[in-house]
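These notes are about the structure you will find just below.
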Amino acid sequence: MDTQRRRFVLVLALILSLLLADACSPTTPTPMSTPAFSPGPTPAFPAQPPPVVHPGWTSYSNANDVNDVVLDRAGHLWTASSGGVVRWNLTDGTYTKYTSEHGLANNRVETIAVAPAPHGTIWFGKLGGGISCLDRERWTTYTTKDGLSSNTVVCLAITPDGVPWAGTCRGGISYLDGTNWTTCFSYNDCIESLAVMVDGQVWAGVRNGLPGSSVYRFDGTDWHKYVLDDTADGTVYVVVGISNGEIWASAAHGIQRYDGTKWQPLDKPGHIVGSDSPSHGADGTVWLYDANHLAGFDGETWTDYRLPFLPDSQRGTGPTAVAREPDGRLWYGTNQGVVRLDGSQHALYTTGDTLIHNWVMAAAMAPDGAIWFGTYGGVSRFDGETWTTYTDADGLADNIVYAVAASPEGVLWAGTEKGLSRFDGETWTSYSVPGEWYHQDVFTIAVAPDGTLWLDTVNGLFHFDGQNWTPHAVAGQEDSGVSALAVAPDGSLWVGTDNGVFRFDGATWTSYTTDDPSLLNFIAAIAVAPDGTLWVGSEYDGVSCFPQDAVRDGTNWTHYTQANDLISDRIETITCTPDGAIWVGTSGGVSCFDKRGWTSYTAADGLADNDVSAIVMGSDGVLWFGTAGGVSRYAP
């Protein structure tokens, strides 16, 4: 795994927190018995297959980790996730799933907004992909090339006359002025939320690393700043407008409301505790939730819905967004699907996805042809027809999986945040890494021809024969972190570090340098081609190759960067396929080097996401890409 990934921290939500609805007094909720849960109807997938605009590409993703929920003008329910978007037909419970091959800019959808009548167009904000717009089954994508302030769009809002506004990270706020986007507010951090009032004024909550929580108001001509307090964390996470004309802002200090004259703390229902992130419904209702309640305020009245008690270990992320149908039924998103709340009945609706998590960190092909994927939620296996998932409940050491590799005998190895795991086809066995018990991360696995393992761990480089752990230190690089491993056909080990590339023949370490040493710093990936050529990817400076048996004098390296048609200089993985092609996964897409030179593919071509961490070729010659938006299968 590349060095940048090791800095990431993920807290994985575990299980859905299911709701029981019942109106009650906002101050003295009526005690309720634990509800019986009923699943939603078994959906037909899909209700009507969407047209594929990028032939040859297929996405496998999980659309049940819901980020946003909206109802469109036709009464369909839309959900957004890091695995694409889903349109639910609420009449029969069927759904249609849209991913990058169908026209989305990429699969990582953070927010949705529906234009008012008569427009009715649906807008989708992406992490890294800009904005996609769906208008009567026709997709249009907008990026920085069209004037958008940034391609990382975290919030959307639409004015009463149908003009979309976008809040981004490291860009600011932009609005569509017909065919092009105009940036009216530049900001170097993230715009966390946008709210549009009935009179067309736009409010924005911002992330601020400095003291002082602030919101901004645009009156059609100028921006006006409001400082809520002087707390150390100056971020305003949510700003929403409600039907009575008030603005609510959520920050580290809690929720404050603005009545047009002054800001004051929100006097929320006393039984709603620990809830400082309101969710905004399209009908002007503001929703608050905690571990036991969901409460909605329509400008005059609080309506309370009771949550059943669940232990902390079984509680999910709670409602992420809420939508209400005209007949009063509620829909809310969770990390396990979307829930319908109808009177005293609630039902979970899920898509038939089988990839356990959309952030895919590793991939490997087993001798039987099955493809294994390591993700931030466990391990998924695809045998060509069926998906099978394994988590810590099945014996995996941990659900955060950095690396997977298959031995010649078909044993599957997984490197996790809490140690090494081995799967023999029936049972998982886990091994602790020597060293501190609280440092167990296994970042990279390289399988030697004899089936033994080389492991890059948080406690250093090890050779593991199934029983014995043998530590190794790169000669002269004791203080330099190992970041990439590859085993050559002759059994020698190639190691990439923060300070160069090294080869170990079992007895001696040899360093490889270039005329420009900086090109071999911060190595993120390393691979050996069938002809013996060594390929090395830098975290910041592209790829370099060194022919087999070339003179080791620093002059025989060839370097490729964006200037040589590489899609990005930020390298994450390299795979050498049996046909001699070199596939390079980057933070900006994937590039292939063959006799014709470089050819690149991005989400605009059908790739699930441009952040590509894993590449493997199947026994049938099909390419599989692990991305931050799920898995892509490419069969040209």
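The values are calculated or read from the model by the stated rules, or taken from the named source; none is laboratory data. Worth saying up front: this structure is predicted, and the values here are computed from it rather than measured. Neighbour counts run over all protein chains shown; Cβ positions are idealised from the backbone, glycine included. The accessibility values were calculated without ligands, DNA or RNA, using every heavy atom of the protein model including side chains. Shrake-Rupley method; radii C 1.70, N 1.55, O 1.52, S 1.80 Å.
Worth pointing out:
- Full-extension gain in nm, VAL458 to ASP298, via 0.36 nm per residue minus C-alpha separation: 52.5 nm
- Here the spin labels are modelled as points 7 Å beyond Cα on the Cα-Cβ line, and at ASP505 and HIS224 they lie 7.7 nm apart.
- Just the protein heavy atoms count here, and of the accessible area of the stretch 310-428 at 1.4 Å, carbon and sulfur take up 42 percent.
- Cβ-based net charge around PHE625, under 12 Å, with every Lys or Arg adding one and every Asp or Glu removing one: -3
- Each residue of the stretch 458-518 gets 100 Å³ once the volume of the Cα convex hull is shared out per residue.
- What the pair-distance distribution of the stretch 499-591 shows, using all Cα-Cα distances binned every 5 Å from zero, is 3, 14, 25, 26, 20, 9, 2, 1 percent.
- Residues listed by number, the stretch 512-527, amide nitrogen under 16 Å from ALA563 label point at 7 Å toward C-beta: 515-520
- Near-label residues of the stretch 395-427 by backbone N, under 14 Å of a point 7 Å along Cα→Cβ of GLN548: none
- Within the stretch 131-161: backbone nitrogen closer than 17 Å to the ASN180 label point (7 Å, Cα to C-beta): 142-150
- Per-atom-type breakdown for the stretch 510-580 gives carbon and sulfur 44% of the accessible area (1.4 Å probe, protein chains only).
- Using a cutoff of 8 angstrom between alpha carbon atoms and counting only pairs six or more residues apart, the relative contact order for the stretch 68-172 works out to 19 percent.
- Here the dipole of the stretch 311-433 is about 420 debye; that uses its Cα centre as origin and unit charges on the Cβ of Lys and Arg (positive) and Asp and Glu (negative).
- Of the listed residues ARG381, ARG596, ARG207, the order by accessible area with a 1.4 Å probe, largest first, is ARG596, ARG207, ARG381.
- Most to least packed among 118-130, 498-510 [average Cβ atoms within 10 Å]: 118-130, 498-510
- Full-stretch length increase - ARG170, GLU436 - with 0.36 nm per residue and alpha-carbon distance subtracted: 91.9 nm
- In the stretch 395-437, the alpha-carbon atoms span a convex hull of 68 Å³ per residue.
- The alpha-carbon atoms of the stretch 57-212 define a convex hull whose volume equals 125 cubic angstrom per residue.
- Stokes-Einstein translational diffusion, the stretch 75-156 - Kirkwood Rh over all Cα pairs, 1.567 mPa s, 4 °C, in µm²/s: 101 µm²/s
- The stretch 45-117, Rg to Rh (Cα coordinates; Rh as Kirkwood inverse mean 1/r): 0.95
- Sum of side-chain charges, ASP392 neighbourhood, beta-carbon under 12 Å (Lys, Arg +1; Asp, Glu -1): -2
- Sequence-separation-based contact order of the stretch 400-481, relative, with Cα cut under 8 Å and 6+ spacing, percent: 20 percent
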